[in-house]
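Before any comments, here is the structure.
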Amino acid sequence: MRWHQKKVAETVEDIGSSIHGLSPEEAQKRLGQYGPNELKEKKKKTSFMMLLDQFKDFMIIVLIVAAIIAGIAGKPIDAVAIIAIVILNAIIGFIQEYRAEEAMAAFKKMAAPVSTVLRGGMPANIKASEIVPGDIVLLEAGQIIPADMRLLETASLNVEEAALTGESVPVEKRTDRLHDAHLPIGDRKNMAYQGTIVTYGRGSGAVVATGMETEIGKIATLLQEEKDLKTPLQQRLAAFGKRLAMAILVICAIVFVAGLMRGEPVALILLTAISLAVAAIPEALPAVITIALAIGAKNMVRQNALIRKLPAVETLGSVSYICSDKTGTLTLNKMTVEEIYVDGKVLGVKDMPPPHPQSLLFKAMALSNDAQMNTEGDIIGDPTEIALYNIAKDNGFDKQELEKDFPRVAEIPFDSDRKCMTTFHKWPDGIISVTKGAIEVMIEKSKDIMTSDGLKSLDVGDISRVNERMAADGLRILGMATRKWDSLPDDITPENVETGLTVLGLAGMMDPPREEAKEAVALCKAAGIKPVMITGDHPITARTIARRLGILNDDSRAIITGRELDRLSLEDFEKRVEQIRVYARVAPEQKLKIVKALQDKGQFIAMTGDGVNDAPALKRANIGVAMGITGTEVAKEASSMILLDDNFATIVKAVKEGRRIYDNVLKFIKYSMTSNAVTLWAIFLAPFFGLPLPLIPIQILWMNLLTDSLPGLALTAEPPEKNAMNRAPRHSDEGVFAHGRGFFIIKFGLVIGITALFFQAFAMKEEMPWQTMIFTALVIGRMAVAMAVRSEQDSLFKIGIFGNKPLLGAILLTFILQMATVYVPFLNPVFNTEPLALNELMLTLALSSVVFFAVETEKLWKRKGWQGRINHETIGS
């Protein structure tokens, strides 16, 4: 029911109540009918089920099978290592899911514990949970509104509705009916909603909805219906794991069958096939990802981004849209005077001449002002008055100093009908009254205007044109006027004193955009990320801020209001959604609709927000980003990341870190799978070359354990590539083998595998310890791969050998441990190795370096190809 369209009397009648409230008996009856005024939670998963769910991922199942195989094959160390990784991954996933369940608990904290209602005509303090539809609630400053209500009476009642609308400026409430059936929540000024806060005045209202039927209850329902989405990497790795497992099973089956056909001992060939399967699976991948994300999360805290869910770090690297709230994120959340109109001129704050004739205007701004400085030096009060206080102070007119000479002696408070307030101050030659308010009111009450040439008759047309121009720029305009008195008038009423005024000037205010946000928006665009503003503010204000930040150009189709969005079918909306850059006056369910529509188009969405109304969209988005300073607990609990400085620019820094982490995970996969492919090709092709198997099971497993762990983990510390923020986000359908990575793995695995077999044949002919040489060459060769894949396009010598010191340390340790298997006598029988002579070691190291130079040659070829295309395009233009 659209209660804002009803008259006060109709509301009371339709809700079955009276202006004296409900009787205690009727209230008790309704409590049984409607239930407690509480938010209900859906049935939670048990902790055991949450933990069990962590083992359903296909890649995890493959690792568990690999651990079992390793155990059967008599390799307990490998089995224990794999199981430890699986358990660690499950614990992290469990903690993330458990924390997600806490969002509803934060909702419940928003309920008012006790409220005052009329029961049988008498005020009574009752628990908010016992309020029922039909109760008449009494409101006063500082109270949390306990339920949705149609206001019956208001006396300068102001309500802060940021939790629902996202706008921090309090809304002045009234009681007259509103005729538009499709008004968004922010414009329903005769309604008050659960969880919002009374900041000023008093009033009363008839409760029309409680519990899950309230607006905040509807948001809670949306929040509980939304399921956490898998991150881009999780989706890609799931597909990767399935393909990998199938490929490994086929290859191992071929190796086993080929070995049997050649007459190899059944036990040996079976163990070799099993060892090959274990070695081929990059079981360190979950650990590498977890550690990479943890390091990224630690780095982000230094940049004021707190990660609540580790996968969010990686998700940032794939973001294609950032849907951002306006107030406090793209703007300063601080009302500021941008322009003043004085002496017939419009002046920007940076263009202020010496303080004449605007000196009296600044004095009026400071004196007729209820904002105060607290003991910590902060200015507290209404945002509009704080803006006037600051502009006056910045121009040399400090309120605290002025009040010593011109103390306030009387006042007429602000009234919503008059749309102005008046204060009286002692003046050198008597008393001066200062009136401030809406400009249309100032025009009606004034007779002349102050100029540098003295008083002139008020030109209504001129001042109206200035007002319209300022309003078109998204500014909120306030007029200042004055009148002098010989003494304080006896009749201090608006009718007597707010007339015959002299206009001093106008002040145009807005919450200005952050300077760093403009740079961040430009960086977003360079990175192929589309910034979108979603706000509950007025379309004119939203358009102005978006243009100043570079989010919006002159395309009028790129901005849409909540009312227009409501009229669009989902099909029509999805046709336009990728072109829209600004959403104004939107409702909570519309934010969710925007996110879903973009995701249906294959986009990855980062959604920022601070209010309760943002929570469902924050949870639905690929990454929800809550505000740390102004954000509600509900928004924070529903989010994946919290901005500690509420700054849009911080999101963009986090995106760069996310891209770095994703790139490094892909580098690990490239390194690990290429190394594994060399082993697979060498063992698979050896029978076809008439050669014995180049490695025995213990050597395969040692190589796998030694090279997949430390060097792989060290790759996560690789700095970002120079083009990290100058390329488009990865497409949602892009797998881990895209951009030639799969071909790279197969190609270099095959080339080096065949090279190793030729080397084996040569060493056997020369009666060298060929198996030790192959074993060592493949281990050291993996280190060469790790160094070569540090950059997709730049040479190792350009990015610097010492650019990743953890990797250098890992390579050195791996080299020492491998040399131990060759030169430590008691390890020789364990690994079936023997010491190498100097010339044999040099040949082995030469073989291991082949892959490094092959990869570097390919990168050089690519760079020459790119340079050629660039030169061609330059000449052509």
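So if we plug the beta-carbon distance of Val830 and Val80 into 1/(1 + (r/R0)^6) with R0 = 25 Å, what FRET efficiency do we get, rounded to 0.05? Please list the in-between numbers first.
Values: r = 18 Å, r/R0 = 0.73.
Calculated value: 0.85.
If you wrap region 790-856 in the convex hull of its Cα atoms and look at it from every side, the mean projected area works out to 5.6 nm².
Glu160 exposes around 50 Å² of accessible area when a 1.4 Å probe is run over every protein chain in place.
Expressed as a whole percent, how much of the Cα-Cα distance distribution for region 501-618 exceeds 17 Å?
Values: 4096 of 6903 pairs.
Of all Cα-Cα pairs in region 501-618, 59 percent lie more than 17 Å apart.
Take the Cα of Lys525, step 7 Å toward its Cβ, do the same at Glu766, and the gap between the two points is 6.2 nm.
Between Lys404 and Glu495, what is the FRET efficiency for a Förster distance of 41 Å, r being their Cβ-Cβ separation, to the nearest 0.05?
On the way: r = 32 Å, r/R0 = 0.78.
Result of the calculation: an efficiency of 0.80.
Can you sort Phe775, Phe397 by 1.4 Å-probe accessible area, starting with the largest? Walk me through the numbers on the way to the answer.
Details: Phe775 0, Phe397 25 Å².
Per-residue accessible area, sorted high to low, gives Phe397, Phe775.
For region 565-626, the convex hull spanned by the alpha carbon atoms encloses 79 Å³ per residue.
Return an integer: the convex hull volume of the alpha-carbon atoms of region 693-805, in Å³ per residue. Walk me through the numbers before you get to the answer.
Values: hull volume 15.8 nm³, N = 113.
Cα-based convex hull of region 693-805, divided per residue, equals 140 Å³.
How high is the relative contact order of region 684-832? Use alpha-carbon pairs under 8 Å, at least six apart in sequence, and give a whole percent. Once normalised by length, the contact order is 38 percent. Subtracting the Cα-Cα distance of Asp351 and Glu411 from their residue separation scaled by 0.36 nm leaves 18.3 nm.
Convex hull over the Cα atoms of region 541-588, averaged projected area in nm²?
Values: hull surface 13.9 nm².
Average projection, Cα convex hull of region 541-588: 3.5 nm².
Can you give the percent of C-alpha pairs in region 632-728 whose distance is more than 23 Å? The share of Cα pairs beyond 23 Å in region 632-728 comes to 53 percent. Sorting 628-634, 455-461, 132-138, 790-796 by average packing, meaning the other beta carbons within 10 Å per residue, from highest down gives 132-138, 628-634, 790-796, 455-461. Each 5 Å bin from zero up to the one holding the largest Cα-Cα distance in region 337-407 carries the following percent of pairs: 3, 17, 29, 25, 15, 9, 2, 0.
Principal axis extents of the C-alpha atoms in region 738-877 (largest first, rounded to whole Å): 68, 35, 28. Summary of packing: across the peptides 409-419, 322-332, 384-394, the per-residue average of other C-beta atoms within 10 Å ranks them, highest first, as 322-332, 384-394, 409-419.
Residues of region 431-461 with an amide N closer than 16 Å to a point placed 7 Å from the Cα of Glu172 along the Cα-to-Cβ direction: 435-445.
Taking packing as the residue-averaged number of other Cβ atoms within 10 angstrom, the listed peptides 840-846, 179-185, 610-616 run from highest to lowest as 610-616, 840-846, 179-185. The orientation-averaged projection of the convex hull spanning the C-alpha atoms of region 540-686 amounts to 12.4 square nanometres. Rounded to two decimals, the Cα radius of gyration of region 672-750 over 2.2 N^0.38 Å is 1.44.
Determine which residues of region 757-800 fall in the zone a paramagnetic label at Leu813 would reach in this model, i.e. backbone nitrogen under 16 Å from the point 7 Å along Cα→Cβ. Under 16 Å, as judged by backbone N against the label point of Leu813, lie 783 of region 757-800.
When Trp861, Trp681, Trp3 are compared by accessible area at a 1.4 angstrom probe, the order from most to least is Trp861, Trp681, Trp3.
Between Ala9 and Asp448, the contour length at 0.36 nm per residue exceeds the Cα-Cα span by 153.6 nm.
Computed with the Debye formula from one identical point scatterer per Cα of region 658-713, without solvent, the log10 of I(q)/I(0) at q = 0.12, 0.15, 0.21, 0.26 Å⁻¹ comes to -0.37, -0.53, -0.81, -1.02. Over region 320-479, the ratio between the Cα radius of gyration and 2.2 N^0.38 Å evaluates to 1.11. The residues of region 321-455 expose on average 43 square angstrom of accessible surface per residue, using a 1.4 Å probe on protein heavy atoms.
The values are calculated or read from the model by the stated rules, or taken from the named source; none is laboratory data. Everything quoted here is computed from the prediction, not taken from an experiment. As a convention, Cβ positions derive from the backbone with ideal geometry for all residues, glycine included, and neighbour counts pool all protein chains shown. Heads up: the accessible areas ignore ligands, DNA and RNA and are worked out on the full protein's heavy atoms, side chains in. Shrake-Rupley method; radii C 1.70, N 1.55, O 1.52, S 1.80 Å.
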